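Notes to accompany the following structure.
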Amino acid sequence: MPANFRSDNENPVAPEIMEALTRANEGTAYSYGDDAITERVKDRFCEVFETDLEVFPLVSGTAANALAVAQTTPPYGAVICHQDSHLHTDECGAPEFYSGGAKLLTLAGASGKLEPKSVRERIAEAGYVGDHASKPCLLSLTQATEFGTVYSVEEVGELAQVAHEAGLAVHMDGARFANALCSLGCSAAEMTWRSGVDLLSFGATKNGAMMAEALLVFDADDAGELGRRRKQAGHLISKMRYVSAQLDAYLADDLWLELAAHANRMATRLAEGLEDAQDVELVYPVHGNEIFVRMEEGFAECLRDDGFEFYGWPGRPGLYRLVTAHCTAESEVDEFLDAIQALDGD
Ligand SMILES: Cc1ncc(COP(=O)(O)O)c(C=O)c1O
């Protein structure tokens, strides 16, 4: 069966997580997060991040991002984010809606990354007109970015410093947090709170969970009334044990890192195989599990006719995304490369 490289969201749940769900499905458990599994998940997150933090299990990344924005940004505030960020392009205004009117201030930046200079300038610009402009309150970074690239620990630190110096909080959209972490080979603490990140949307769904994300807040003082905010938004899940069971299994025995490391390895294999192709150009450095390529539409259609599946990037003709996952087989990658080789240079 030719591979589906459309999205890591389209892949099945890791067996360890399915088994954990079955185990959780025994007897009764307290609802709304008062169960033993949710308690254990909190301990696991504290252990992984080497600090005492607040955990809010959720079922979508959009909810995590929008709640992070609402928690840090008043209706008259603004969020600085990349122009291609999920927050801006793919959440149907949820951050603006949850915050009751906050504005997104978007910036360009090579390979999906924000740059300290432009962030500093944007903050200053908002200051020129005082009360006439929304007040920048949050800097949101995506790690790994929408184009599959990864900020280094130093880059995160530098951006966070610019934000903190101007009084902004720092949020990280970590829908592909594990892929980024495996790519850098640093600790979860280094990539987040030790570098100045205040809130993290921690993703698990794309990397083998069924539907489990969490909003992590590194300083309990920043989490005031976030519980109520989550409830008001309709995201306090009554049968929370099933969300927590996924996160519990995901974090146990470093499963999350194993799954992401595999997805990244498959992406590297694919990218290396594409390097010699004449008709396929790698557009961004491949750091995690996403590969962006440029090819002629006709060439892409031939691959689709062979049964391979991948996205054309919206609004960017000729740009295609290939995503590998925790369960992508080497043979799937190799078959795709063989198909490319057969068509290449014709
Ligand atoms: C960078 C990024 N952030 C957040 C999300 C979360 O989205 P969802 O609300 O579909 O879980 C996604 C999913 O595509 C994403 O790619």
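Things worth noting here:
- Some residue of the stretch 64-78 being modelled with pLDDT of 95 or more, farther than 28 Å from R120 by Cβ, among the β-branched types (V, I, T) and assigned by TED's automatic domain parsing to the domain that holds L215: no
- Residue list for the stretch 1-29, filter: among the charged types (D, E, K, R), part of a helix (DSSP H, G or I) and within 16 Å of the ligand (Cβ to nearest atom): D8, E10
- Taken together, the residues in the stretch 254-282 that are in contact (Cβ under 8 Å) with a residue 40 or more places away in the chain and either polar (S, T, N, Q) or not in a helix (DSSP H, G or I) (or both) amount to 5.
- Residues of the stretch 189-216 that are within 18 Å of T73 (Cβ to Cβ) and surrounded by 23 or more Cβ atoms within 10 Å (Cβ to Cβ): V197, D198, L199, L200, S201, L215, L216.
- Selected residue (criterion: farthest from the ligand (Cβ to nearest atom)) from residues of the stretch 151-187 that are in a helix (DSSP H, G or I) and among the small types (G, A, S): G157
- Whichever residue in the stretch 30-55 is open to solvent by 30 Å² or more (accessible area, probe 1.4 Å) and in a loop (DSSP other than H, G, I, E, B) and, among such residues, is nearest to D222 (Cα to Cα): D52
- Verdict on I291 being under 14 Å from N4 (Cα atoms), in contact (Cβ under 8 Å) with a residue 60 or more places away in the chain and out of contact with any Lys or Arg (no Cβ under 6 Å at 6 or more places or on another chain): yes
- Out of E146, E158, sole residue that is in contact with a helix residue (DSSP H, G or I) (Cβ under 6 Å, 6 or more places away or on another chain) and either open to solvent by less than 10 Å² (accessible area, probe 1.4 Å) or within 13 Å of E115 (Cα to Cα) (or both): E158
- Residue tally, condition open to solvent by 10 Å² or more (accessible area, probe 1.4 Å) and either within 10 Å of the ligand (Cβ to nearest atom) or in a helix (DSSP H, G or I) (or both), over the stretch 56-69: 4
The values are calculated or read from the model by the stated rules, or taken from the named source; none is laboratory data. No experiment lies behind these values; they were computed from the predicted model shown. With ideal geometry, Cβ positions are generated from the backbone for all residues, glycine too; neighbour counts draw on all protein chains shown. Surface accessibility is based on the protein's heavy atoms, side chains included, excluding ligands, DNA and RNA. Shrake-Rupley method; radii C 1.70, N 1.55, O 1.52, S 1.80 Å.
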